[in-house]
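Below you'll find the structure, written out as structure tokens, and then a few comments.
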Amino acid sequence: MAETYVKAFSLAFGAYAAQMLVVPNKMVTDHFNAPATPMLNFWIRGQAVSLAAMIFLLNKVDTDTALTVATASSAAIGILYPWNAKFGYLSPEIPKIVKYPMHYVPECLMAALTLGGLYLMATK
């Protein structure tokens, strides 16, 4: 089951990496009522490399290590990005510009990946 989780994580974040590389402006305009500036596109496009590298490495290491890293990454990304955008605990101005219903996608995806990973880690 952990192998399936790692594949699901890889698929989800592979889709994010591809979108970040090819259409970085959608990461802004799909989720926020804000313009996608050239500087935002620059940063988002560069982030695609680290996501792709992580996915590659997760599929090269043992499954237990991949499960731990993918779970921790899902939790950290959830805390820093979609849940922070929703609740504004690190960026109080951001919740005012979050675009729903689209922003439910990363909120729910990070919750599912985090909870699913924690469950698998606890029951192995």
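The values are calculated or read from the model by the stated rules, or taken from the named source; none is laboratory data. Because the structure is predicted, anything quoted here is derived from the model rather than measured. Counting neighbours? That spans all protein chains shown, and the Cβs are built from the backbone with ideal geometry, glycine included. Note: accessible area is taken over every heavy atom of the protein model, side chains too, but ligands, DNA and RNA are not part of it. Shrake-Rupley method; radii C 1.70, N 1.55, O 1.52, S 1.80 Å.
Any residue at all in the range 39-53 that's open to solvent by less than 60 Å² (accessible area, probe 1.4 Å), hydrophobic (A, V, I, L, M, F, W, C) and over 30 Å from I97 (Cα atoms)?
Filtering the range 39-53 for residues open to solvent by less than 60 Å² (accessible area, probe 1.4 Å) gives 41, 44, 46, 48, 50-53.
Next cut, hydrophobic (A, V, I, L, M, F, W, C) only: 44, 48, 51-53.
This time we only want the ones that are over 30 Å from I97 (Cα atoms), so: 53.
There is at least one residue in the range 39-53 that is open to solvent by less than 60 Å² (accessible area, probe 1.4 Å), hydrophobic (A, V, I, L, M, F, W, C) and over 30 Å from I97 (Cα atoms).
Taking the criterion of being among the charged types (D, E, K, R) and closer than 22 Å to A112 by Cα, would at least one residue in the range 15-38 satisfy it? Talk me through it step by step, then tell me what you get.
As a first pass, look at the range 15-38 and keep what is among the charged types (D, E, K, R): 26, 30.
Applying the additional criterion that residues be closer than 22 Å to A112 by Cα yields 30.
Yes, the range 15-38 contains a residue that is among the charged types (D, E, K, R) and closer than 22 Å to A112 by Cα.
With respect to Y100, is the statement that it is open to solvent by 80 Å² or more (accessible area, probe 1.4 Å), hydroxyl-bearing (S, T, Y) and without any contact (Cβ under 8 Å) to a residue 12 or more places away in the chain true? Quick ask: steps written out before the conclusion?
Values: open to solvent by 80 Å² or more (accessible area, probe 1.4 Å): yes; hydroxyl-bearing (S, T, Y): yes; without any contact (Cβ under 8 Å) to a residue 12 or more places away in the chain: yes.
Answer is yes for this residue.
With respect to the numbered conditions (1) crowded, with 16+ Cβ neighbours inside 10 Å; (2) in contact (Cβ under 8 Å) with a residue 24 or more places away in the chain, which one is the sole condition not fulfilled by K86?
Unmet condition: (2).
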